[in-house]
Amino acid sequence: MSATIANPKAIRKRGFGPPRAGHALVRLVSMTRLILFDIDLTLIQTAGAGRTAMETAFERLYGVTGATAGVGFDGRTDWAIFTEVIERHGVAEGSLEAALSEFAEAYLAEFPRFLAEKGGRVLPGVPELLDALDREVPGFGLATGNLRRGAAAKLGHFGLWERFAGGGFGDSHTVRAELVKAGIAELADVLRVGADPANAIVLGDTPLDVEAAHRAGARALGVGTGRFSAAELSASGAEFAVDDLQDTARLLDILLG
């Protein structure tokens, strides 16, 4: 989905915000730090809205209740989750690809309603960190297993979608490392800098985020706001690990160092 952006302001046409005010073109060209965030339990929590929307969509399509029972969500892509659910219940009458597309559309139709009903919240320290990064870098991105439209719905619900300049999403990837690679490429393209994964760092709350970052050639910052502690994320191989995103000064040292 990446495309060359001749004019940085054209980023807005892709659904993302423009590069931050006050950054000269020379800074855009020379800045090579690529910072990518996971969404769920790293930036926000949605009180189970995604799982509920999936189950509602699946029941509407196939008459199966509780379809995601026993299916793990942590650190996985939506495409991988959808595939497991469809195959587990044997509902694909035609191709798997057609069933995935049908399920995804039904899920996206249900999702906004459950976001509104369940609420959720932005996790502590996130607004302050994003504000601080706005002052330091021309843009930052996403590396999330969410479908692109699902990510837009989630972050848009909290007024955060346009904070991000590009990203990798779970629309067609079952392997998380592939979406991290895609996110690095898209963010670099939007910012017009080199797509060197050695200059990228991924923030996430699961060992799968850490593993995916490393397989993509990037570093990982584990955030202990999900089901895994900072110690567990460090043990999984993260170069850095924090309990949460509240220590803005320390995080800037890590992300920009």
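The values are calculated or read from the model by the stated rules, or taken from the named source; none is laboratory data. Since we're looking at a predicted model, the values are computed, not measured. Here the Cβ positions follow ideal geometry from the backbone for every residue, glycine too, while neighbour counts run over all protein chains shown.
Can you find a residue that is within 23 Å of residue 46 (Cβ to Cβ), surrounded by fewer than 22 Cβ atoms within 10 Å (Cβ to Cβ), of a type outside the set (D, E, K, R) and assigned by TED's automatic domain parsing to the domain that holds residue 34 anywhere in region 189-203?
Quick first cut of region 189-203, residues within 23 Å of residue 46 (Cβ to Cβ) only: 202-203.
If we keep only those that are surrounded by fewer than 22 Cβ atoms within 10 Å (Cβ to Cβ) as well, we get none.
So far as region 189-203 goes, no, none of its residues is within 23 Å of residue 46 (Cβ to Cβ), surrounded by fewer than 22 Cβ atoms within 10 Å (Cβ to Cβ), of a type outside the set (D, E, K, R) and assigned by TED's automatic domain parsing to the domain that holds residue 34.
Go through 37, 16 for me and flag whichever is under 23 Å from residue 123 (Cα atoms), at pLDDT below 90 and surrounded by 18 or more Cβ atoms within 10 Å (Cβ to Cβ).
Details: 37 fails: at pLDDT below 90.
None of the others qualify; the one that does is 16.
Considering only region 204-224, state which residues are buried (at least 24 other Cβ atoms within 10 Å of the Cβ) and closer than 25 Å to residue 46 by Cα.
204, 205, 206, 209, 210, 212, 213, 220, 221, 222, 223
If you scan region 124-138, which residues turn out to be in contact (Cβ under 8 Å) with a residue 60 or more places away in the chain and either closer than 16 Å to residue 34 by Cα or among the acidic types (Asp, Glu) (or both)?
Initial filter on region 124-138 (in contact (Cβ under 8 Å) with a residue 60 or more places away in the chain): 124-126, 128-129, 132-138.
Within region 124-138, 128, 129, 132, 133, 134, 135, 136, 137, 138 meet the criteria.
Here is a check on your reading of the model: is residue 186 buried (at least 24 other Cβ atoms within 10 Å of the Cβ), among the acidic types (Asp, Glu) and modelled with pLDDT of 95 or more?
Working: buried (at least 24 other Cβ atoms within 10 Å of the Cβ): yes; among the acidic types (Asp, Glu): yes; modelled with pLDDT of 95 or more: yes.
Spelling it out, residue 186 is indeed buried (at least 24 other Cβ atoms within 10 Å of the Cβ), among the acidic types (Asp, Glu) and modelled with pLDDT of 95 or more.
Is there any pair with a first residue in region 91-115 that is among the small types (Gly, Ala, Ser) and a second that is assigned to a helix (DSSP H, G or I) whose Cβ atoms are under 6 Å apart and which are 6 or more apart or on different chains, and what are they?
Short answer, once both residue conditions are applied: 92/86; 92/99; 99/86; 106/57; 106/61.
Pick out, from region 68-158, the helices (runs of 4 or more DSSP H) lying fully within it that include 2 or more residues that are over 19 Å from the mean Cα position of the chain (by Cα) and surrounded by fewer than 14 Cβ atoms within 10 Å (Cβ to Cβ). Give the steps one after another, and end with the answer.
Numbers: elements: 78-89, 96-118, 126-136, 148-157.
Passing ranges, in order: 78-89, 96-118.
If I ask for residues that are surrounded by fewer than 23 Cβ atoms within 10 Å (Cβ to Cβ), among the small types (Gly, Ala, Ser) and out of contact with any strand residue (DSSP E or B) (no Cβ under 9 Å at 6 or more places or on another chain), which ones from region 46-56 would you list? Talk me through it step by step, then tell me what you get.
At the first step, the residues of region 46-56 found to be surrounded by fewer than 23 Cβ atoms within 10 Å (Cβ to Cβ) are 47-48, 51-52, 55-56.
Within this subset, residues satisfying the condition of being among the small types (Gly, Ala, Ser) are 47-48.
Listed by number, the list holds a single entry, 48.
Can you tell me which residue within region 167-183, out of those that are at pLDDT below 95 and part of a loop (DSSP other than H, G, I, E, B), is nearest to residue 38 (Cα to Cα)?
Result: 170.
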